[in-house]
Protein chains: 2
Amino acid sequence: MKFGLFGGATSHGSNVAIDSGQDYRRYIDYICEAERLGFHSVFMVEHHFTGFNQVSASLTFLAYLAARTSKIRLGTGVTVLPWHNPALLAEQAATVDMLSNGRLDFGVGRGYRYAEFSGFCIPMSEAQERYDEALDVIRKAWTSSGRFSHHGKHWHYDNVVIEPAPTQSPHPPFWVGAGNLDVIRTVAREGIKVLLDQLSVPEVCGQRLAAYREAVEGQGRVFNPLDVGLTRGLHIAMNAAERDHQHALRAQFLDHVRRLTVNPNAAAGTLAMAATGSSPREATEKTTLIGTPDEIIGRLKVLEAQGIEYVLLMDLEGSLDSLRTFAREVMPEFSGTARETRAETQLAAA
Amino acid sequence: MKFGLFGGATSHGSNVAIDSGQDYRRYIDYICEAERLGFHSVFMVEHHFTGFNQVSASLTFLAYLAARTSKIRLGTGVTVLPWHNPALLAEQAATVDMLSNGRLDFGVGRGYRYAEFSGFCIPMSEAQERYDEALDVIRKAWTSSGRFSHHGKHWHYDNVVIEPAPTQSPHPPFWVGAGNLDVIRTVAREGIKVLLDQLSVPEVCGQRLAAYREAVEGQGRVFNPLDVGLTRGLHIAMNAAERDHQHALRAQFLDHVRRLTVNPNAAAGTLAMAATGSSPREATEKTTLIGTPDEIIGRLKVLEAQGIEYVLLMDLEGSLDSLRTFAREVMPEFSGTARETRAETQLAAA
């Protein structure tokens, strides 16, 4: 099993202007320490206009990290295509890929936060068509030999070549967040890797992974378990009081995402969050890595039994202590297994 | 007198895809060495669709350099505003400013290359209005307290806040390229710094600097000579053969820029390049730092007599040897002069 990180720098302070640099620097230290501890990747969120200092220019930030790190893969989780000029985005992503010697994992999405669509004055109803068109342009940018043109609904380019060329061939892998089984099968067939959400119970994660695997193998290709990354909240708790604290943190986080997702003006907002059909506390116990290191090992073995071999940790507190505890007490249980060796072999053969 | 660099990584190889990483890495080493040698700044060009691998994502590239350097100022020379979503650009620039601890010099422009307008399918006739609107948005982004909205001709934002906040206060300095005296006076009054072009003879540079200075002092402010950066081609030549080689390089460069600037379909393209009224070779002798170190010192003293105290070197070959020769044999002649000391004092008092 391999482990990565999912998240980004955030200021919880009241004075964002003063705190921002400090929060970013703390997050940079966190990533550098994760690399030293053997984490495989970081997927960094990109959000806009939040008012609490989430990373907005994730590719810019990853370019900085490209210089500060040498092994850890650098991902966006995800870049929301409808906000970006796709030619500029392809240039920026290729630049990060080149500066990092081919370490970019390019997560892309169509966006889900009401406040972002509203802020950019882009109708949410255009999200899919804007996403599709932008992805089409980026693919052309990275796979056309020589110059190309594009005349779509939202973007026009005439006789252009996108430079620099990315380092990975044919281009940095695309990742998308997906939960719907049909969508998972479609992206699998397109050679896109998939990020599974942090809200689903292990059985559902297993079904999704199986759908991806079957779609890949249905094309006669070898399934690489590292093509499916599953995000899980990390909530190390050594006693009942710490567990209560972690539950409170989690509830606060979910409430926060819910408010950013829905239209505050709508009578009944539709949540993008998966319904779990249980109380928040029960849901957290079922869907996160909460508890002592031993409990967390048990939870990961449940996921492993579902075929999951790549877990992205999301620690809301960004705690170096938790990162080190996880690396010291949990990771060794999942290193060098037969399953991982098989994955590596398949990766090398792919 | 202070010295910076102007330019960017470029592949002159025939196979851009293979060469690009190598060219960028060579350029990174060049900047790092420049910092060690005491250069004050680098202004990096941004160009698109050239086919010879010029830096396209200059802020992304500067974020990487922010991690590799600690003192040298990091500039764009220039970011062409009409290509960019100004909210995203403000986020990216602020991120670079924060990651570099306040070292961003934010050069902005309206664009001049026909092939770029054509590639982005943006009419050249809209350059000014797009530039004006984008600059307005970026200023609002960095100076509004709390959230703001913008509803212009090309961009719409509703109730947004741009994060992170830049480190420099109130924001990274803006720089624009200007030659027209009225434009120079206007930007001076707006507190924008100015990049003077590399094609004008010293007397013209002096007139422009004087116009800037008078406009600033006319407002009762103290003129800072470091607010006017003059780019000069660096062409170190120790003998006649090297001089011929440098002249040939320069002619090739000017021809290249001319072709990118004009509309190839127009019967008579209008050049953005200043006419010098003399042969190319004579113009190069009048407008560049060509010759031996002693000759170059003489040329710089002519500029110094015109009031110029900040020179940005543009070496087409990106030669480390030339950089070191300049630092060793030319720079000491201009360090610690009374004039520079005065500038520093004024800067500290400003």
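Against the definition (away from chain B (no Cβ under 14 Å), under 25 Å from the mean Cα position of the chain (by Cα), buried (at least 16 other Cβ atoms within 10 Å of the Cβ) and not small (Gly, Ala, Ser)), how does residue A:196 come out, yes or no? Yes; evaluated as a whole, the condition is true for this residue.
Just one of the listed residues (A:132, A:158) is within 29 Å of residue A:257 (Cα to Cα) and of a type in the set (Asp, Glu), namely A:132. If you go through the stretch A:140-153 and keep only what is more than 16 Å from residue B:119 (Cβ to Cβ), surrounded by fewer than 18 Cβ atoms within 10 Å (Cβ to Cβ) and in contact with a helix residue (DSSP H, G or I) (Cβ under 9 Å, 6 or more places away or on another chain), you end up with just A:153. Residue A:154 falls short on exactly one of the conditions (1) away from chain B (no Cβ under 12 Å); (2) closer than 24 Å to residue B:47 by Cβ, and that condition is (1).
One residue stands out among those in the stretch A:168-188 that are part of a loop (DSSP other than H, G, I, E, B) and more than 14 Å from chain B (Cβ to nearest Cβ): the one that is surrounded by the fewest Cβ atoms within 10 Å (Cβ to Cβ), which is A:180. For the stretch A:39-48, the set of residues classified as among the aliphatic types (A, V, I, L, M) and either assigned to a loop (DSSP other than H, G, I, E, B) or in contact with a Cys (Cβ under 9 Å, 6 or more places away or on another chain) (or both) consists of A:45 only.
Please determine, by comparing only the residues of the stretch A:94-140 that are within 14 Å of another protein chain (Cβ to nearest Cβ) and polar (S, T, N, Q), which one is farthest from residue A:4 (Cα to Cα). Top of the filtered list is A:118. Those residues that are of a type outside the set (A, V, I, L, M, F, W, C), part of a loop (DSSP other than H, G, I, E, B) and within 18 Å of residue A:99 (Cα to Cα), I need them from the stretch B:49-66; list them, please. Once the filter is applied, which keeps residues that are of a type outside the set (A, V, I, L, M, F, W, C), part of a loop (DSSP other than H, G, I, E, B) and within 18 Å of residue A:99 (Cα to Cα), the stretch B:49-66 yields B:53, B:54, B:56.
Select from the stretch B:35-61 the residues that are over 15 Å from residue A:162 (Cα atoms), out of contact with any Lys or Arg (no Cβ under 7 Å at 6 or more places or on another chain) and surrounded by fewer than 23 Cβ atoms within 10 Å (Cβ to Cβ) and write down the one among them that is farthest from the other protein chains (Cβ to nearest Cβ). Step by step, filter the stretch B:35-61, then rank; the result is B:38. Filtering A:163, A:126 for residues that are of a type in the set (D, E, K, R) and out of contact with any Ser or Thr (no Cβ under 8 Å at 6 or more places or on another chain) leaves a single hit, A:126. Residue pairs whose Cβ atoms lie under 6 Å apart, separated by 6 or more positions or on different chains, with the first residue in the stretch A:23-49 and over 16 Å from residue A:76 (Cβ atoms) and the second assigned to a strand (DSSP E or B) and among the β-branched types (Val, Ile, Thr), are A:49/B:160. Within the stretch B:89-118, track down each residue that is surrounded by fewer than 22 Cβ atoms within 10 Å (Cβ to Cβ) and in a helix (DSSP H, G or I). Listed by number, the residues that qualify are B:114, B:115, B:117, B:118. Residues that are in a helix (DSSP H, G or I), modelled with pLDDT under 95 and among the acidic types (Asp, Glu) are absent from the stretch A:290-307.
Here residue B:312 clears all of (1) at pLDDT 95 or above; (2) in contact with a helix residue (DSSP H, G or I) (Cβ under 9 Å, 6 or more places away or on another chain); (3) among the hydrophobic types (A, V, I, L, M, F, W, C) except the condition numbered (2).
Going by the structure shown, is residue A:165 of a type outside the set (Asp, Glu) and facing chain B (nearest Cβ under 9 Å)? Yes.
Among the numbered conditions (1) within 16 Å of the chain's Cα centre (by Cα); (2) at the interface with chain A (Cβ under 7 Å from one of its Cβ atoms), the only one that residue B:64 does not meet is (1).
Being within 9 Å of chain A (Cβ to nearest Cβ), modelled with pLDDT of 95 or more and more than 26 Å from residue B:260 (Cα to Cα) is the requirement here; does residue B:91 meet it? Considered against the rule, which asks whether it is within 9 Å of chain A (Cβ to nearest Cβ), modelled with pLDDT of 95 or more and more than 26 Å from residue B:260 (Cα to Cα), residue B:91 comes out as yes. Under the condition of being among the small types (Gly, Ala, Ser) and on the phi > 0 side of the Ramachandran plot, the residues counted in the stretch B:125-162 number 1. Each residue in the stretch B:215-244 was checked for being surrounded by 14 or more Cβ atoms within 10 Å (Cβ to Cβ) and assigned to a helix (DSSP H, G or I), and 7 pass. Could you tell me whether the stretch A:67-85 includes any residue that is assigned to a helix (DSSP H, G or I) and more than 8 Å from every other protein chain (Cβ to nearest Cβ)? Yes - at least one qualifying residue is present in the stretch A:67-85.
The values are calculated or read from the model by the stated rules, or taken from the named source; none is laboratory data. Predicted, not measured: the structure shown is a model, and the values here were computed from it. Positions of Cβ are backbone-derived with ideal geometry, glycine not excepted, and every protein chain shown enters the neighbour counts.
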